[in-house]
Structures are given as C-alpha cells and as structure tokens.
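Report on one structure; see the data block that follows.
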Amino acid sequence: MFTWKTNLSQKERILQNVCNIINIRKNELPYDRSIGITADYIDKPITEASSEVITDIIDMVESREPRAVLTLEELELLSTHNEFGLEVVLNNV
C-alpha cells in the first residue's frame, strides 16, 4: 500500500517532484496529460534521442518544478543495445 510521506523537507519534496516528472510519460496521468516526458524518441538513433530526452527533461522540470535548478552532467552509453543512462544533478536545492 502506498503511504504519503508528510514529513519531508523542502529539498526532499523538490527531489521527489523532479523524480516523478522524469519517470512519468506524457499522457500517463489522467488529470493532466501534459505532465511527463514524451516517448517519441524511443525508436530513434541514440545520438538523436539523447538530445531530445535532455531537452524534454529540462523543459518539463523548469515548467513544473521551478524551485529546482537542473544541470545534466552525464549522458553515457550503457551497453551495446543502445540503452543510455542519465544522471540528473540538482543544484541550489
């Protein structure tokens, strides 16, 4: 069962909000279909998709959680299957 954490600090709330924004796909939430990252990049080449993912994440976090200052430090190719990992670093939180 899901339990809502009510004793989070402001920093923890911001981090949780950013995590939620990044992990939600656009059109996934019935009450606001505009929240989340688009999945249009899934079948694109890794070089093209990575720039789209970065742009989507920055735009969505800036519009939905303005308290977070976002820098994308690292984008790396994880395997030969064209999967990539992304490390998101929040500054001034």
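Computed quantities for the displayed model
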| item | result |
| --- | --- |
| Partners for LYS44 among lysines (Cα-Cα distance below 27 Å; same-chain residues under 8 apart left out) | LYS26 |
| Most positive-pole-ward Cα, ALA49, ASN17, VAL61, against dipole of segment 1-68 from beta carbon charges | ASN17 |
| Spin-label pair VAL69/GLU28, simplified geometry with 7 Å Cα→Cβ offset, distance in nm | 2.8 |
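Every number in this text was worked out from the coordinates using simple rules, so none of it is lab data. The structure presented is a predicted model; accordingly, all values stated were derived computationally and were not measured. Ideal geometry is used to build each Cβ from the backbone, glycine not excepted, and the neighbour counts take in all protein chains shown.
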